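S.K.: Before we start, here is the structure in question, set down as structure tokens.
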Amino acid sequence: MTPKETTSKFTSLLANLVIFHNTLDIADVVRQLQAEGWEIDPVDLAEISPYLTEHINRFGVTSTHELGIPPENYDTRLDVDFTTLDTERVPAA
């Protein structure tokens, strides 16, 4: 594998990890809002993109002290009824 291929694969992996991390953060916020009594509209939730880049510090100092901390189990369930999206046409992002 050439250095260019390695860099490309690393960049793709990094982008996927950022998107996954953002998805976890969005799910946590949805759960917090539901716990506060908010009703989450699946159409609104479908409009949120996990590809957020404002918080990425590309050229600054990156902390790695959290790498040794094992992650908590991830709960994949959200109490949002997505069946309404089958009947409504939501424009693709």
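S.K.: Given labels modelled 7 Å from the Cα in the Cβ direction, how far is it in nm from residue 43 to residue 23?
M.R.: Label at residue 43, label at residue 23, 2.5 nm between them.
S.K.: Moving on to the next point. May I ask you to order 9-18, 24-33 by the average number of other C-beta atoms within 10 Å around their residues, highest value first?
M.R.: 24-33, 9-18
S.K.: Continuing with the same structure: Pop a pseudo-label 7 angstrom from the Cα along the beta-carbon direction at both residue 1 and residue 64 and give the gap in nm to one decimal.
M.R.: 1.8 nm
Here, each number is a calculation from the coordinates, and none is a lab measurement. Quick caveat: nothing in here was measured; it's all calculated off a predicted structure. We place every Cβ from the backbone using ideal geometry, glycine too, and count neighbours over all the protein chains shown.
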